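What follows is a set of notes on a single structure, which appears directly below.
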Amino acid sequence: MPTIYLIPTPIGEGIDQINPQTNQILESIDYLIVENLRSARRFIATLKLENKVIDDFTFQELNEHTPESKLQEILQPVIDGQNAAIISEAGLPCVADPGAPLVALAHTYNITVKPLVGPNSIMLALMASGASGQSFAFNGYIPIKEPDRAKTIKSLEAKTNFQSQIFIETPYRNNSMLKSLATTLNPNTFVTVALGLCTKDEMIIRKNAHQWKTKPVELPKVPAVFIIG
């Protein structure tokens, strides 16, 4: 039975985040399904494989622009018996990254799906936030424009008595997001912002909305995770 391996890649800095099984798996397969061809080739180059070079691999891109109608074509080599790996740009494939629809399709063909352990900014942020890790929800991106943004923020806040609410934002909108949270939430509601995780500029700050509003912080334009709760 063919296998699709879900191979994590480092977030931020540090080759030490690479799963030890990665080299062994990549030495044994030829077909790679990747979010971005350039970053995938760069990642493989850092591994210094012993018995393969980059040109030994067949790459197939799978990202937010890939139409659902193409999934069957992408999966076909695996259906035909070839092992493959899914590699996203950073972190875990299929978690806030492309891959889940292809994995769902693979299950319908009884293809084995093998996830590898690796870094994930959502989980790292939750670990360091002080918010509940017993019950939480990841909400992806929330609306950009008002009044939809404020309405969504209040809706998420209403759930925090039993569930931490996690979401992300495009780096250049970090400060506008923080301002929206500070002005929309109840003053005593806590917000954690985790930025630049696993880099030298890592920053994890937990304050209530009143503190964020009265003592604002200028956030850098780097990947961020926001947690209400």
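Just so you know, all these numbers are worked out from the coordinates, no wet-lab data involved. This one's a predicted model, so the numbers in the text were calculated from it and none came from an experiment. Because the Cβ atoms are built from the backbone with ideal geometry, glycine has one as well, and the counts that use them run over all protein chains shown.
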The chain, helix-only ellipticity at 222 nm - DSSP H runs n ≥ 4, -39,500 (n - 2.57), divided by all residues, nearest 500: -9000 deg cm²/dmol
Neighbourhood net charge (12 Å Cβ-Cβ; Lys/Arg +1, Asp/Glu -1) for THR183: +3
Pairs of alpha carbons in the chain whose separation is greater than 21 Å (percent): 60
The range 121-228, Cα convex hull volume normalised per residue, Å³: 85
The range 129-229: trypsin sites (Lys or Arg not before Pro) in DSSP loop, at most 14 other beta carbons within 10 Å: LYS145, LYS200, LYS221
DSSP beta bridge pairing in the chain, given as percent antiparallel to the nearest 5: 45
Spin-label pair GLN82/SER69, simplified geometry with 7 Å Cα→Cβ offset, distance in nm: 2.3
Relative contact order computed over the chain (Cα-Cα under 8 Å; 6+ residues apart), in percent: 22
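If the chain between LEU49 and ASP30 were fully stretched, how many nm would it gain, using 0.36 nm times the residue separation less the Cα-Cα distance?
Difference between extended and current length: 5.6 nm.
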